[in-house]
1. Fully extended, how many nm does the chain gain between residue 257 and residue 225 (0.36 nm per residue separation, minus their Cα-Cα distance)?
2. Would you calculate the separation in nanometres between label points at residue 88 and residue 351, each defined as 7 Å from the Cα along the Cα-to-beta-carbon direction?
3. Return 150, 367 ranked ascending by Cβ neighbour count within 10 Å, so the fewest neighbours appear first.
4. List the GluC sites (Glu not before Pro) within the range 301-373 that fall in a DSSP loop (any state other than H, G, I, E or B) and whose Cβ has at most 16 other Cβ atoms within 10 Å.
5. Calculate, for residue 79 and residue 287, the FRET efficiency according to 1/(1 + (r/R0)^6) with r their C-beta to C-beta distance and R0 30 Å; round to the nearest 0.05.
6. Given points 7 Å out from each Cα along the Cα-Cβ axis, report the residue 179 to residue 104 separation in nanometres with one decimal.
7. Could you list 91, 345, 244 in order of exposure, starting from the residue whose Cβ has the fewest other Cβ atoms within 10 Å?
8. If we count other beta carbons within 10 Å of each Cβ, what is the order of 311, 225, fewest first?
Amino acid sequence: MRTKFLIATAGWMLLTMALFGQQVNEFDVAIQEEENKIVNRGEKGAYGTVLSKLANFVSLNGFADNELHVTEDEVSFDQHEVALFVTAELSSRLTTEFNIDFEDGGEKIEVEYAFLDYEIDPAAIIRVGKFILPTSDFNEYSWLPYVNRMVEAPLSTVASPNEWSSVGLQLRGKLGTEDANFRPFYAAYVVNGLGQPQGDEEESRRVTSRLNDLAAAGRDEDNNKFKDFGAQFGAEFGNGFTLSTYYHYSRYDTSADLSAGIFGVSGVYDDGRLHVNAEYHRGAFDEREVDQSDVIKEEEVSGYFVTGAYKLNDRWEPTLRYDQATIEGEDITRYTFGLNYYFGSTRLIKLNVGQLSHEENEAFLEMGLVFSF
């Protein structure tokens with residue numbers, strides 16, 4: 001309760017600073033006195049109509065990701081994801097953004113993130129709300145299907161869950177000027193974090209781990225007795241190279257007996273034509289024995305991937321990725337060859353062929369159509 005009170009107090013202080021610290025001339029759209037109301041009783045429209053007059057720089061964007069998966073046992077179409085992004089620059093310092101994600105053909109709908117950013121300085125930005133956790137470069141940035149060179153996410157997501165978000169408070173920033181050859185960046189956060197799954201988890205054709213289940217449960221239930229915390233530190237170099245490291249710690253049961261820690265490193269090189277990306281993540285977490293709840297054992301899971309891509313021209317890009325995961329001592333490997341055709345910077349067709357070695361070798365063919373709007 002004390003932790004919840006402190007986080008709530010910090011959030012209200014942030015909002016108070018942001019709202020009272022703005023000057024009228026920071027807004028480009030002049031609001032007439034008769035329009036300066038937040039409800040329109042008896043008039044046309046609703047809350048969105050009123051807010052459209054009060055907020056400025058509001059934009060709606062999104063993407064759709066349609067896929068085809070072919071294996072020896074399955075031929076399946078999948079509208080994997082349709083996402084909408086709503087952003088608004090409320091002032092020169094205050095920005096808000098949220099998304100609505102429609103997965104598996106609309107069977108699953110959720111808000112993956114909804115946050116408010118207040119920029120004290122480019123080196124100090126306060127983020128409050130629900131946000132994508134900076135636990136890996138792939139989780140925070142490269143999961144987007146028009147950024148990810150392949151159809152599938154890499155196997156390293158068994159150790160650093162993919163599209164992992166939670167509610168909390170974050171301090172982030174980047175140092176240096178735009179033309180600097182060395183620009184450090186960082187993020188430190190405290191969030192609700194992991195949770196205990198209730199009942200059987202839904203089966204999926206994608207490779208997952210118990211750590212993925214704990215992260216998914218944390219989105220559905222509020223583990224308020226203990227907060228998770230983590231940090232990211234990295235740097236951008238002027239030659240197109242980025243290097244970063246990550247750590248996340250969690251206590252996820254009410255007795256504080258169970259904990260989890262995730263460590264990772266990533267490196268990216270991109271000069272506009274050649275793209276190379278590599279990550280390694282390791283997770284360790286506690287579990288109770290099924291028949292002896294007082295006996296706790298530690299489990300480990302790890303994964304890594306290396307991706308290479310080269311744009312032959314503005315349209316064609318051959319790609320190659322090797323990824324590997326270790327779950328409960330079992331190694332799972334996959335190699336994927338791909339060819340991407342771009343009909344826009346964020347619109348492309350993907351063709352992947354490869355082999356997954358998991359219990360037995362399974363060849364696969366996958367196609368993806370990604371278009372943004």
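Bear in mind that the values in this text are calculations on the coordinates, not laboratory data. Here the structure is a predicted model, which means the values were calculated and not measured. Quick reminder, even Gly has a Cβ in these numbers, built from the backbone with ideal geometry, and neighbours come from all protein chains shown.
1. Extra length from residue 257 to residue 225 when fully extended: 10.3 nm.
2. The answer from the label model is 4.5 nm.
3. Going from least to most buried by this count: 367, 150.
4. Passing both the DSSP loop test and the Cβ count: 328, 359.
5. For residue 79 and residue 287, the calculated efficiency is 0.30.
6. Label-label distance for residue 179 and residue 104, simple model: 5.2 nm.
7. 345, 91, 244
8. 225, 311
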